[in-house]
Amino acid sequence: MNSSLHQYTTEPEVETRKALVSNPDTDPAILFKLGEEFPTQLLVNPIFDLLLLENPNLADEIPLPTLSQLIREEQVPPLILQGTARRLMQVTSNEALAGLKAIARHPNTTAQTLRQLVDWRSGLLKVDLSRNPHIPIDVLSRLVSSADLKVCYYVAQNPNTPPEILDRLAQTKSTPKTGMSSWQENTQCKIALHPNTAPATLEYLATSTKLVRLALAVNLKTPLTVLEQLAKDPEVRFELATHPNLSGHAIRSLLHNQSGDWEPILRPLTANCHIWASALEELAWDEDRRSRVLAARHPNTPTSVLEHLAQNEPYIDFDLATNPSTPLSILNQLAHHTVDYVRREVAHNLSTPGELLEYLANDSSHRVRLELAKNPKTPASASEKISQWGDGEIRVAVARNPSTPTQLLEQLMQQDWLLTGTIARHPNLSSSVLQKLCRSKDIVYRQCVAENPNLPLSLMEILAQDREVTVRQGLTRNPNTPAYILGQLSRDSNSDMRQAIAHSPYTPPYLLKQLASDEHPEVRRAVAANPNTPVVGLRQLANDPLQGVRQPLSTNPSMPIYLLAD
């Protein structure tokens, strides 16, 4: 290394070296050397594209340590990946293998390069190639022919895998002695969920293991014939009940093949908003009462059908009271019902009009008043009336109700100081009460008010300086805490505070990138788990010396697959 190159690349100031890599006038030899430390800056330097345009084999002039960092960048050009692969294939070392694995997984790697990698060193890269979403179909076919169960698993979940290859994988037979391995079962699960799987293949999988059938039960492309077959399967009925394409026949099977308590299967069926009105109308006339109960509960049931059930079906009042589509005339009758659990459901129903809710505020049943306290449609006058009954559970429910007005909240605080912590988070509190709570001597009150989404900026600034870390942490759970306050807290001397910032879904990406270099491993681990962490931060954490810090990266949805180590 000549003296000038050594001088620039050993410059003690990080920012100086970083500026050199970003400068188009920097000598290419210096750029390529410093690019190992600052790969992102090298790639975004406009001179880099010009150098690559002049010399398509530019990768031959860049040191391998720098190339090993560039190939882990999201924006690395395909020519650099191709040239790096060519050089690394001539080296036998663990570092070379790791680099080729990253290239095999990288979405910018060309089909030509992927084809060159498929047979390298007896197929050590087959698993990584099978995970590349842009892998050519001919390479996928070659990978499947290897019969490697791990490779087949990743091919089965590759979005580029065509129906014919998925069918080949599904037909793979298990050995008589050992049966189906976990890899084979998981592969079939991926095939059962794959959007490219052919209907005939899905029908074949309907006789496979429970896990595979569960996957079929949630696949939106599962044929109707398979859905009706699965409806008779007691092991998958609850998952199947949420499927949007259920026929009336499948629904009957789900209800009628239920032994014992059939209430659990009614819940997901009632919540399934895709069930057709025509199917529900048909069910309303079914001989089996379970079908008629579903029709009475489901919001898609036509009004005329609900009126028919109200007039002709005994013991179905409770189910009609739960239905948000039940007509006002029926709700009015049910609000005067002799059984309190029917009136309770009317009080819970979000479609019950204000005048009926006002009427129910005089109800003697605790269960009815409690549902009123929780209902966000309950008028303020009704909430005030039921909160004066002296029932602590009801007052807590009123305090948590997002519709409770400011005046009633303050009144509740005066009546019961134990509600102060709950009310401190309420978005309808007045600024004067918020200010009072921020200056309270009670740590819990200050912590709770720090989470209030309507907390004024001036009060947030006061709480950001609070001596108690739990109070400062409350600001990280507030969706409206501004970035500059979060930035201030990210430099807090208390590692628990910085960890809370790293965990917060409201922390901006640039702060998470900074915290990726935090001295405390639990802070870095929290950054690794945060889906808002930018790729540059995730890349840095992928090289963290502590396995416990790196571990959350495997489940972080923002982690690029080409950065994941085996």
### Query
Pick from Ser517, Ser440: which is more than 28 Å from the chain's Cα centre (by Cα) and in a loop (DSSP other than H, G, I, E, B)?
Ser440
### Message
Pairs needed: first member in the stretch 259-282, under 11 Å from Thr242 (Cα atoms); second member anywhere, among the small types (Gly, Ala, Ser) and in a helix (DSSP H, G or I); C-beta distance under 8 Å; at least 6 residues apart or different chains.
### Response
none
## Note on the structure
All conditions in (1) within 21 Å of Pro327 (Cβ to Cβ); (2) touching a His at 6+ places or on another chain (Cβ under 8 Å); (3) open to solvent by 50 Å² or more (accessible area, probe 1.4 Å) are true of Asn375 except (3)
### Task
For Arg525, indicate whether it is in a helix (DSSP H, G or I), out of contact with any strand residue (DSSP E or B) (no Cβ under 9 Å at 6 or more places or on another chain), among the basic types (Lys, Arg) and farther than 30 Å from Leu429 by Cα.
yes
### Message
Among the numbered criteria (1) farther than 24 Å from Ser253 by Cβ; (2) of a type outside the set (A, V, I, L, M, F, W, C); (3) not in a loop (DSSP other than H, G, I, E, B), which one does Pro324 miss?
### Response
(3)
### Summary
Of (1) touching a residue at least 24 places away in the same chain (Cβ under 8 Å); (2) more than 16 Å from Leu563 (Cα to Cα); (3) buried (at least 17 other Cβ atoms within 10 Å of the Cβ), Val76 fails just (2)
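Let's see how each residue does on (1) open to solvent by 30 Å² or more (accessible area, probe 1.4 Å); (2) touching a strand residue (DSSP E or B) at 6+ places or on another chain (Cβ under 7 Å); (3) within 26 Å of Leu360 (Cα to Cα):
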site	(1), (2), (3)
His249	yes, no, no
Ser253	no, no, no
Cys273	yes, no, no
Pro324	yes, no, yes
### Message
Just checking, does the stretch 229-240 include any residue being of a type in the set (Val, Ile, Thr), open to solvent by less than 40 Å² (accessible area, probe 1.4 Å) and in a helix (DSSP H, G or I)?
### Response
no
### Residues of the stretch 345-370 that turn out to be free of Cβ contacts under 8 Å to residues at least 12 places away in the same chain and assigned to a loop (DSSP other than H, G, I, E, B), as a count
1
### Message
Residues to consider are Ile462, Ile485; find the one that is at pLDDT 95 or above, among the β-branched types (Val, Ile, Thr) and open to solvent by 20 Å² or more (accessible area, probe 1.4 Å).
### Response
Ile462
## Note on the structure
Exactly one of Leu512, Leu546, Leu475 is among the hydrophobic types (A, V, I, L, M, F, W, C) and in contact with a Leu (Cβ under 7 Å, 6 or more places away or on another chain), and that one is Leu475
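The values are calculated or read from the model by the stated rules, or taken from the named source; none is laboratory data. Keep in mind that what you see is a predicted model, and the values were worked out from it rather than measured. Cβ coordinates were reconstructed from backbone atoms using ideal geometry, including for glycine residues, and neighbour counts include every protein chain displayed. Just so you know, the surface numbers come from the protein's heavy atoms only, side chains and all, with ligands and any DNA or RNA stripped out. Shrake-Rupley method; radii C 1.70, N 1.55, O 1.52, S 1.80 Å.
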